[in-house]
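Contents: one structure, followed by commentary.
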Amino acid sequence: MPRKRIRKMLNIFVAASLPAIFLVMALKAAGQVEPEVVKAAERATGRTATTPDLRHAAANDGAKEAAVKEQFVLASDFRWIETSRDLNGLLEKYKTEWSEKDKTDVVETLLDIESEYGFKPDLFLRLMEVESNFRIRAVSRDGARGLCQIQPETARHISRRLGQPPIPEEMLFDPVLNLRLSAAYLDYLEKKYKALPKAISAYNMGPGAFSRAYGEGGIPKGRYHDLLTR
């Protein structure tokens, strides 16, 4: 099955709020999903994908080789389903409308961030919720911009660290760029403070204000910290 068609099926299942296990069942029957994916889905949902396994039947009519070529990568597409559903639920909660392209781009970026930095998609979903209520063009009173409320000066700092040219302020409203800068900045702060809870608070307060308030060994407190580390 072509990967574009699989991606389209994922969108349909997410939009219809259907349990992911149903999609896994359908793909299992078509010989499009490895047994490990089925097991992961069953563990996550508590349900059993009891569809007939047609892989051997497909082999009999010469279709097995074509099916194997288009199999899932275990984690990526199943995680894509779950992350898409979480994002759609939060957008509905805040009555925020995004284009389908923005939704797809953000979900894929969240999974890329997890792969590159180890930050779970749920962390950045909560970060976007707390920082901007998922408003792509949000601007704070002190000039922070976009989904993760990146300050222009912070963007320039991170760009320099990444060896990239300065980023025009208007580009901070781009969801993918905003998320990537945010992830790079949080990664920098986590390495600086050697603890994610401290990095999260420093992200919100700014490193200088955080150090003045808590010092090197302080334990951050407050609503922002609680929401991001719950």
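Among the residues of region 187-197, are any assigned to a loop (DSSP other than H, G, I, E, B), in the same structural domain as residue 118 (by TED's automatic domain parsing) and surrounded by 15 or more Cβ atoms within 10 Å (Cβ to Cβ)?
There is no residue in region 187-197 that is assigned to a loop (DSSP other than H, G, I, E, B), in the same structural domain as residue 118 (by TED's automatic domain parsing) and surrounded by 15 or more Cβ atoms within 10 Å (Cβ to Cβ).
Being more than 17 Å from residue 204 (Cβ to Cβ), touching a Leu at 6+ places or on another chain (Cβ under 9 Å) and modelled with pLDDT of 95 or more: is that true of residue 91 here?
Answer is no for this residue.
Six or more apart or on different chains, Cβ atoms under 6 Å: show the pairs whose first residue is in region 197-224 and closer than 18 Å to residue 158 by Cβ and whose second is among the polar types (S, T, N, Q) and at pLDDT 70 or above.
Correct list of pairs: 210/201.
Among 145, 141, 161, which is without any contact (Cβ under 8 Å) to a residue 12 or more places away in the chain and charged (D, E, K, R)? So that I can check it myself, show each step before the final result.
Values: 145 fails: without any contact (Cβ under 8 Å) to a residue 12 or more places away in the chain; 161 fails: without any contact (Cβ under 8 Å) to a residue 12 or more places away in the chain.
Going through 145, 141, 161 in turn, just one is without any contact (Cβ under 8 Å) to a residue 12 or more places away in the chain and charged (D, E, K, R): 141.
The values are calculated or read from the model by the stated rules, or taken from the named source; none is laboratory data. Keep in mind the model is a prediction, meaning the values are calculated, not measured. Reconstructed Cβ throughout: ideal geometry from the backbone, glycine too, with neighbour counts over all protein chains shown.
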